[in-house]
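Taken together, the values in this text are just the output of simple stated rules run on the coordinates, not laboratory data. Remember, predicted model here, so these are calculated numbers, not experimental data. So basically every Cβ, Gly included, is an ideal-geometry build from the backbone, and we count neighbours across all protein chains shown.
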Amino acid sequence: MISVTEAWFALVGTLVMVLAVIAGGASAMTEDTDREVWTPDTPELAADAADGSPAAILNGESYDRLGAALDAAEPGDEIELAGHFEERVTVDTPNVTLRAADGANFRPRLDGGGEGTVLTINATGVTVEGLWVGDSGTQRSEEHAGMLVRGDDATIQNNRIADVTFGIWVSSATDVIIADNEISGDADRSRNQRGNGIHLFEADGATVEHNDVRTVRDGIYYQWSSDVVATDNNLWDLRYGVHYMYSDDNVLSGNLAFGNDVGFALMISQNLTITDNLVVDNRQGASQHGILVKDIDDSEISGNEIVGNGNGLYVYNAHDNVIEDNLVMENHVGIHFTAGSSGERVVNNTFMHNDRSAHATQTAHLSDWNATDRGNYWSDARTIDLDGDGASEVRHRPAGTLEDLLRAHPGAEAFSESPAFDAVRLAESSFPILEGSGVVDHHPLTEPPHDHWRQYYEDHD
């Protein structure tokens, strides 16, 4: 029977050998992080704005200016639009509907002429449907937007909002519905000069669904907004696809974020439910996170597919969250754990073919994630299942001594499958003598919970 002292000296000796290998041959190696990642088809945004003479039809009377029709409108009236309106307007009458006239081949165009906010809604219960709204002012500090919604119970649906600084800004209005809109900013401006696609400020109870958002700063931005449900939105070519700040009790489900710097930036919030989203190829900037979990507590991140990002999950000072049933695949780092994060329940995830399965900073405590008798699947784990229950009797250290060495000396990757490295892995799995920082999975799974991971290697054209 090997003693603890003998095991410790064996581990130290093996580490010395590993370091010698690194010094001897790895310095000339460079890390190749280039990869081809499956990405979804980019939705084509419609270019269908009308150019004809403007006509706003209210109760059978035609107006050549929308502002005049709005002045004449009573609560509950419907105004049908056709043609090209070059004006900025405000809706102060409750329950008014603005929509495209029946049979129109092109969307009625509301053109702000490059100044200010194009359409402002102050009244409650207003509906805007089927319009092209664009060419707002360019001042982020003055919140120039395609639409500014200040009235409760508004419905903004099936509109094309283009060439704007902010797309739709909801300001201190509740129960707003934003659905089936296409929003794009100015691709010639840098991301930091753009506004957000959908900006929710004190927008409790909003519904945000089936929108396509691109070439703005952040796709959907939350600021002091709660009980918002966002589903089935497509978000690409952005800084952050979704960005939460000080916004609790929200649901984000079934959304697609790709080709951004960060897919979802979850910050300084609690009780979030982040489920069944596709987060892929978010590495178009300095951060390169699939899902950033920063100062987030008591939240659920489950059922997501996080593929081909820099860091799949970046967990920073986050506490008591559930990270479960996610496919985390082909990222540079599957999950990065730092800044004192604690109390996370990380189970039944598939960590498949990441360059590094996990990384925990040396200032972090040892992270023991198994809240049940089953852990996660790690494609680089050495597992032994003696009783056939699908969970290994041998623990796995996805972030430990070797991972710290590889991060400090990337060139050593060429030797990561050598006998010396295997000896250290075996020692860490078999003899937990000195538990430093890192991650340990006591019951790694022998098969991935996600059967469909191979689809990302197929032709998706």
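Observations on the structure shown:
- Rounded FRET efficiency, nearest 0.05, which uses the C-beta distance separating Ala187 from Asp51 and R0 of 22 Å: 0.50
- Centre separation in Å (Cα based) which lies between segment 286-317 and segment 103-126: 36 Å
- Cα-based Rg of segment 45-238 normalised by 2.2 N^0.38 Å, two decimals: 0.94
- Spin-label pair Asn271-Asp451: with each label point 7 Å from Cα along the Cα-Cβ axis, the two points sit 3.7 nm from one another.
- Sorted peptide list for 96-102, 119-125, criterion being average Cβ within 10 angstrom, highest first: 119-125, 96-102
- Backbone N within segment 248-273 under 20 Å of label point (7 Å from Ala286 Cα along the Cβ vector): 259-268
- Pairwise label distance in nanometres, Asp298 with Asn105, each label 7 Å out on the Cα-Cβ vector: 5.8 nm
- A protection proxy built from the mean count of other Cβ atoms within 10 Å ranks the segments 180-189, 321-330, most packed first, as 321-330, 180-189.
- In this label model, Ser172 and Trp224 are separated by 0.9 nm, measuring between points 7 Å along each Cα→Cβ vector.
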